[in-house]
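As structure tokens, the structure follows; a few thoughts come after it.
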Amino acid sequence: LDHTLTQGVISGLGREVRSPTGRPITNVIQTDAAINPGNSGGPLLDSSGRLIGMNTAIYSPSGASSGVGFAIPVDTLAAVVSALIEFGRVARPVLGVTFLGAQQARALGIEKGVLVLSAPADGPAASAGVRGTSRSSDGALTLGDVIVDVDGKTISTE
């Protein structure tokens, strides 16, 4: 079984899966190609043999090697590998807020942007003056800031 190949269909793009430590892995490719012990980390190829991703994880309710597979897109791989080669690590930007989901925000009358629930005091958002949602001593809710754009790009929802 040293030289095996499985095939499958890409059934979704831009998915999110949780790592074993619980950290989200975003923007992954979903596939039904078998991902078994030993081929995680292997290439996900298109029908012309071009690299499109790296097989990374499988969601398997049974615990067997059958289920829904996930691969990291080649563009993400290229950026990560370049950073590792150049800097020895990958630096990821952090806004430093938690926010309310769009459906709950709409219930509060917020139609555009994201409502900031918290901005930890030692984080970048708080340093920039972003305020989180709070309760007064009498229990009244004081809504935090609503982020409506970042670098001139409109934010419609989370």
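The values are calculated or read from the model by the stated rules, or taken from the named source; none is laboratory data. Predicted model, so just to flag it, every value in this text is computed and none were measured. Heads up, the Cβs are rebuilt from the backbone with ideal geometry, glycines too, and the neighbour counts pull from every protein chain shown. In case anyone asks, the SASA skips ligands and DNA or RNA and just uses the protein heavy atoms, side chains included. Shrake-Rupley method; radii C 1.70, N 1.55, O 1.52, S 1.80 Å.
Of note:
- The set of residues in segment 101-148 being assigned to a strand (DSSP E or B), out of contact with any Leu (no Cβ under 7 Å at 6 or more places or on another chain) and at pLDDT 90 or above consists of 116, 118, 134, 142, 147.
- Residues in segment 28-47 that are in a loop (DSSP other than H, G, I, E, B) and under 15 Å from residue 74 (Cα atoms): 40, 41, 42, 46.
- Cross-chain or 6+ apart pairs with Cβ under 8 Å, segment 140-157 first and within 16 Å of residue 109 (Cβ to Cβ), then of a type in the set (Lys, Arg) and part of a strand (DSSP E or B): 141/135; 142/135
- Candidate set: segment 87-100, residues that are at pLDDT below 90 and either more than 16 Å from the chain's Cα centre (by Cα) or open to solvent by 90 Å² or more (accessible area, probe 1.4 Å) (or both); chosen: the one nearest to residue 147 (Cα to Cα): 99
- Residue in segment 6-27 that is closer than 30 Å to residue 124 by Cβ, among the basic types (Lys, Arg) and either modelled with pLDDT of 90 or more or part of a strand (DSSP E or B) (or both) present: yes
- Here residue 69 meets each of (1) assigned to a strand (DSSP E or B); (2) over 30 Å from residue 131 (Cα atoms); (3) in contact with a helix residue (DSSP H, G or I) (Cβ under 9 Å, 6 or more places away or on another chain) with one exception, condition (3).
- Answer from 108, 84 - the residue that is under 18 Å from residue 148 (Cβ atoms) and hydrophobic (A, V, I, L, M, F, W, C): 108
- All positions within segment 72-113 that are touching a strand residue (DSSP E or B) at 6+ places or on another chain (Cβ under 6 Å) and within 27 Å of residue 58 (Cα to Cα): 72, 73, 74, 77
- Qualifying positions in segment 118-139 - under 21 Å from residue 153 (Cα atoms), exposed (fewer than 15 other Cβ atoms within 10 Å of the Cβ) and among the hydrophobic types (A, V, I, L, M, F, W, C): 128
- Taking (1) within 22 Å of the chain's Cα centre (by Cα); (2) exposed (fewer than 13 other Cβ atoms within 10 Å of the Cβ); (3) modelled with pLDDT of 85 or more in turn, residue 47 satisfies each apart from (1).
- Looking across segment 16-38 at every residue that is touching a residue at least 24 places away in the same chain (Cβ under 8 Å) and within 27 Å of residue 92 (Cα to Cα), the one that is most open to solvent (accessible area, probe 1.4 Å) is identified as 27.
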